[in-house]
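Peer 1: Here it is: the structure, laid out below.
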Amino acid sequence: MILIAAIVTIIVAFSFRPMITRILGADRQKFFSRYNHVNKNHKILDWTIRGVAIILIIVLGWIQISMIRNGGEVKWYLATYTVLFAMFPLTELLRAYMEWKHADNRNNYKVTLSEIGFLACLTVVIFSTGFFGAFELNF
């Protein structure tokens, strides 16, 4: 049952963007080409966000290791996954802004914003249900 839920979730997540792109009449992207930047400024800002995120992950990992060695407890806001949960929406919001400001097709930013909202809702549902009862999450 869990495997079926996982497969359905993956299919729904990967088919959302092509469906909303067709509905809104936006430009199609290649399947695994998320590095197609709108312009040079977008590329620089995107890689800056990614670089800062990598540095933060390394620093927070080091802080966590030192806290655990000293007998302390790791706080959720110092966990490295919080950087990832912050980085992905930031890069996508940057993409939406750059598409809104500089793209030829004005519907591209609507697709990106729709995808951010959909994936945020999907993440909340998955975490609030413990992946549909598969895991017990203790936050």
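Peer 1: Check cross-link reach from residue 40 to the lysines: straight Cα distance under 25 Å, and skip same-chain residues fewer than eight apart.
Peer 2: The reachable lysines, counting only those whose Cα sits under 25 Å from residue 40, are 30, 101, 110.
Peer 1: Checking understanding here: applying a Kyte-Doolittle mean of at least 1.0 and a length along the axis of at least 27 Å (C-alpha), which whole DSSP H helices in the chain pass? Each step should come with its number before you reach the end.
Peer 2: On the way: long enough: 2-24 (33 Å, 2.07); 40-69 (44 Å, 0.98); 80-102 (33 Å, 0.29); 108-128 (30 Å, 1.30).
Span-like helices, by this rule, are 2-24, 108-128.
Peer 1: Further question: Treating segment 1-68 as a set of equal point scatterers at the Cα positions, no solvent, please give the Debye-formula log₁₀ I(q)/I(0) at q = 0.15, 0.17 Å⁻¹.
Peer 2: -0.84, -0.89
Peer 1: Based on a Kirkwood Rh over C-alpha pairs, give the Stokes-Einstein translational diffusion coefficient of the chain at 25 °C and viscosity 0.890 mPa s in µm²/s. Write out the running numbers ahead of the final one.
Peer 2: Values: Rh = 17.4 Å.
Reported coefficient: 141 µm²/s.
Each reported figure results from applying straightforward, stated rules to the coordinates on display, with no laboratory input. Predicted model only: the values in this text are computed from it and were never measured.
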